[in-house]
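Here the structure is laid out as structure tokens; the discussion comes afterwards.
FYI, it's all coordinate maths here, none of it is from the lab. As the structure is a computational prediction, the values presented were derived from the model and not from experiment. A quick note on method: Cβ atoms are made from the backbone with ideal geometry, for glycine too, and the neighbour counts reach across all protein chains shown.
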Amino acid sequence: MTAIETKIKKCIEPIINNLGYNIYDVIYEKEGKENYLRIFIDKAEGISLSDCENVNNSITDILDEKDFIKSAYMLEVSSPGIEKRIREEEHLEQNIGNKIEVHTFKAIEKQKSLIGILKEYNEKSIKLEQGNKTIEIEKSNTVRMTTVYDWNEQCNKGGK
């Protein structure tokens, strides 16, 4: 998380928590000519459009007042989705034992996209289990990490 993302999270987190939500992530990024501030919120029951609207309306004034971002930007409040981005230590901790996908800068075993069970992590690396082998990936080699939702398993549990 960048310094500006950290400042924003620290400022709005109490407001969002008081509304009954958790902040999953804060991302400030440029896409094309536009700047975006994306606030990802979550709660056990899931997130609705009205939840996003409620949070948006509750944080807009404080963000304008604090003026962390000097240039124009688009504010987006949304759910992190089913397949969530993993960017923070707490995201890794929450996903020990779960299937994740790791995209790398340099290929590992001729692959730049690896899917496996997150077994452990430390400051420098993460370990994925793929079948009966364990692959260690340096964090400095990771482009992006996400959770993996098993669509087949969910459909077989009761979906018709």
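Need one number: the % of Cα-Cα pairs in region 69-108 sitting beyond the 15 Å mark. Of all Cα-Cα pairs in region 69-108, 62 percent lie more than 15 Å apart. Rounded to the nearest 500, the helix-only mean residue ellipticity at 222 nm of the chain stands at -9500 deg cm²/dmol, with each DSSP H run of n ≥ 4 adding -39,500 (n - 2.57). Within the listed set LYS43, LYS70, LYS119, the Gaussian network model of the chain (springs between alpha-carbon atoms below 10 Å) gives the highest mean-square fluctuation for LYS70.
Excluding PHE40 itself, calculate the net charge of residues whose Cβ lies under 14 Å from the Cβ of PHE40, where each Lys or Arg counts +1 and each Asp or Glu counts -1. Present the calculation step by step, with values, prior to reporting the outcome.
Working: positive: LYS9, ARG38, LYS43, LYS84, ARG85, ARG87; negative: GLU5, GLU13, ASP25, GLU29, ASP42, ASP51, GLU76, GLU83, GLU88, GLU90.
Overall, the nearby charge balance is -4.
Loop-located GluC sites (Glu not before Pro) across region 1-52 with a Cβ neighbour count of 10 or fewer within 10 Å are GLU45, with loop assigned by DSSP. Relative to the dominant Cα principal axis of the chain, helix 3-18 is inclined by about 70°. Sparse packing (at most 14 other Cβ atoms within 10 Å of the Cβ) combined with a DSSP loop state is found for the following GluC sites (Glu not before Pro) in region 60-160: GLU83, GLU88, GLU109, GLU123.
Can you tell me how region 47-160 classifies by the Cα gyration tensor, rounded, prolate or oblate, using a/c under 1.5 as the rounded cut? Since a/c reaches 1.5 but b/c is at least a/b, the shape of region 47-160 is classed as oblate. For region 1-112, a/c is not less than 1.5, where a ≥ b ≥ c are the root eigenvalues of the C-alpha gyration tensor, and a/b does not top b/c. That puts it in the oblate class. Each DSSP beta bridge with both residues in the chain is either parallel or antiparallel, and the antiparallel ones are about 85%.
GLU123 sits among other residues whose Cβ lies under 14 Å from its own Cβ, and their net charge, with Lys and Arg +1 and Asp and Glu -1, is -3.
Between helix 49-66 and the chain there is an angle of about 60 degrees, using the helix long axis and the longest principal axis of the Cα atoms.
Since only SER78, TYR21, HIS103 are under comparison, the one whose Cα sits farthest along the positive direction of the charge dipole of the chain, derived from C-beta charges on Lys, Arg, Asp and Glu, is HIS103.
Seen from ASN95, the other residues with C-beta closer than 15 Å to its C-beta sum to a net charge of -3, counting Lys and Arg as +1 and Asp and Glu as -1.
Mean sequence separation of contacting Cα pairs (under 8 Å, at least six apart), scaled by the length of the chain, corresponds to a relative contact order of 17 percent.
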